[in-house]
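Chemist: Please read through the structure below; I'll follow up with questions.
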Amino acid sequence: MYPYISVTVSGSPLTQLLEGIDNKQLDLVVCSLDARAYKDGLEHRELFDDNVCLVVGRASRHWDVEGPIRLIDLVEDNWIMPPPGTLTRSQLDAALLDAGASWLRPKGETPAITTLQALMHQGDYIGVCSEAMAQYQVALGNMRILPLDRTIRFGPVGVIWAKDNTAEAVRLFVEHIAEVVGQSTQRQ
């Protein structure tokens, strides 16, 4: 419908993405929603609520484990975590503290699902990602979700755009993605 529209997929921090909306380099951002989504001049639409999941690859000794597993019992394992300061990492760190683990030193840190996916097949690691991504990876047979003794809330995922951006393409994209996500949520 709009052949002149391009889509950029980025692992950039939300602050940089919001700057892209402010300076009109980006029309909208699909991301985790936090307090910044309520900033003056922005509109947002929540798409779904997500959780943080722990995942393992076929090389993990936890591949066939039955649950639930206590989070505290995994502290000595080899972890691949998101970088400090990301929402996923902050939520995981809070859950670890709540479970009684005051410090966990990861073997690696990456914000990229492709890097996490590659590492998960190389050794006995526990990875961390959003539940939506984890379910997708499970459906592909790439990973398994570790059944934990608790839910680690990630928060809402949604779309953010500038209030003054009245482009029809933006409105149609927001409507379309909300419809697709709604259909996907109903199938689960």
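Chemist: Nearest 20 debye, what's the magnitude of the dipole of the chain about its Cα centre given +1 on Lys and Arg Cβ and -1 on Asp and Glu Cβ?
Modeler: Numbers: 16 positive and 24 negative charges, 58 e Å.
Here the chain has a charge dipole of around 280 debye.
Chemist: Picking from 28, 172, 71, which is most flexible by a Gaussian network model of the chain using Cα springs under 10 Å?
Modeler: 172
Chemist: Here's another thing I want to ask about it. For residue 147, what is the net charge nearby, where nearby means another residue's Cβ is under 12 Å from its Cβ and Lys, Arg count +1, Asp, Glu -1?
Modeler: Charge balance near residue 147 sits at 0.
Chemist: Further question on the same structure: Rounded to two decimals, what is the ratio between the C-alpha radius of gyration of the stretch 1-105 and 2.2 N^0.38 Å?
Modeler: 1.42
Chemist: Test of understanding: in a Gaussian network model of the chain with alpha carbons linked when under 10 Å, which of 52, 138, 159 would top the mean-square fluctuation ranking?
Modeler: Looking only at 52, 138, 159, the biggest GNM fluctuation is shown by 138.
Chemist: For the stretch 91-154 and the stretch 1-31, what is the centre-to-centre distance using only Cα atoms, to the nearest Å?
Modeler: Answer, in whole Å: 26.
Chemist: Per residue, how big is the convex hull of the chain when only Cα atoms are used? Give it in Å³.
Modeler: Measuring per residue, one finds 132 Å³ for the Cα hull of the chain.
Chemist: Hey, with R₀ at 25 Å, roughly what FRET efficiency would residue 49 and residue 139 work out to, going by the Cβ-Cβ distance, to 0.05? Before the final figure, lay out each step's value.
Modeler: Values: r = 19 Å, r/R0 = 0.78.
The computed FRET efficiency comes out at 0.80.
Chemist: Then there is this: Tell me the angle of helix 168-187 to the major Cα principal axis of the chain, expressed in degrees between 0 and 90 and rounded to the nearest ten.
Modeler: Its long axis makes an angle of about 30 degrees.
Chemist: Cut-off under 19 Å on the C-alpha distance; same-chain residues fewer than 8 positions from residue 39 excluded. Which lysines are left, in chain and number order?
Modeler: Hits, sequence-local ones excluded: 24, 163.
Chemist: Mind checking the per residue accessible area of the chain for me, 1.4 Å probe, whole number of Å²?
Modeler: 59 Å²
Chemist: How big is the stretch 48-129 along each principal axis, measuring the range of its Cα positions in Å and listing the largest first?
Modeler: That works out to 29, 28, 26 Å along the principal axes.
Chemist: On to the next question. Taking amide H positions as placed in the peptide plane 1.01 Å from N, state which residues far from residue 126 in sequence (5 or more) or on other chains have amide H under 5 Å from it.
Modeler: Under 5 Å from the amide H of residue 126: 78, 79, 80.
Chemist: Find which of 166, 130, 140 sits farthest along the positive direction of the dipole of the chain, computed with +1 on the beta-carbon of Lys and Arg, -1 on that of Asp and Glu, about the Cα centre.
Modeler: 140
Chemist: Based on DSSP H runs of at least 4 residues, each adding -39500 (n - 2.57), what is the mean residue ellipticity at 222 nm of the chain after dividing by all its residues, to the nearest 500 deg cm²/dmol?
Modeler: Rounded to the nearest 500, the figure is -10000 deg cm²/dmol.
Chemist: If you don't mind, another one. Amide H neighbours of residue 143 under 5 Å, counting only residues 5+ apart in sequence or on other chains, H built in-plane at 1.01 Å?
Modeler: 138
Chemist: Quick check of the Kirkwood formula: for the stretch 120-179, what is the inverse mean of 1/r over all pairs of different Cα atoms, in Å?
Modeler: Computed over Cα pairs of the stretch 120-179, the Kirkwood hydrodynamic radius comes out at 14.9 Å.
Chemist: Moving on to the next point. Over the chain, calculate the relative contact order: mean separation of alpha carbon pairs under 8 Å at least 6 apart, over the residue count, as a percent.
Modeler: It comes to 38 percent, rounded to a whole number.
Chemist: Determine which aspartates and glutamates satisfy two conditions relative to residue 107: a Cα distance under 16 Å, and not lying fewer than 8 residues away in the same chain.
Modeler: Cross-link targets: 76, 77, 93, 124.
The values are calculated or read from the model by the stated rules, or taken from the named source; none is laboratory data. The structure displayed is predicted, hence computed values, not measured ones. Backbone-built Cβ (ideal geometry, glycine too); neighbour counts: all protein chains shown. Side chains included, ligands, DNA and RNA excluded: accessible areas come from the protein's heavy atoms. Shrake-Rupley method; radii C 1.70, N 1.55, O 1.52, S 1.80 Å.
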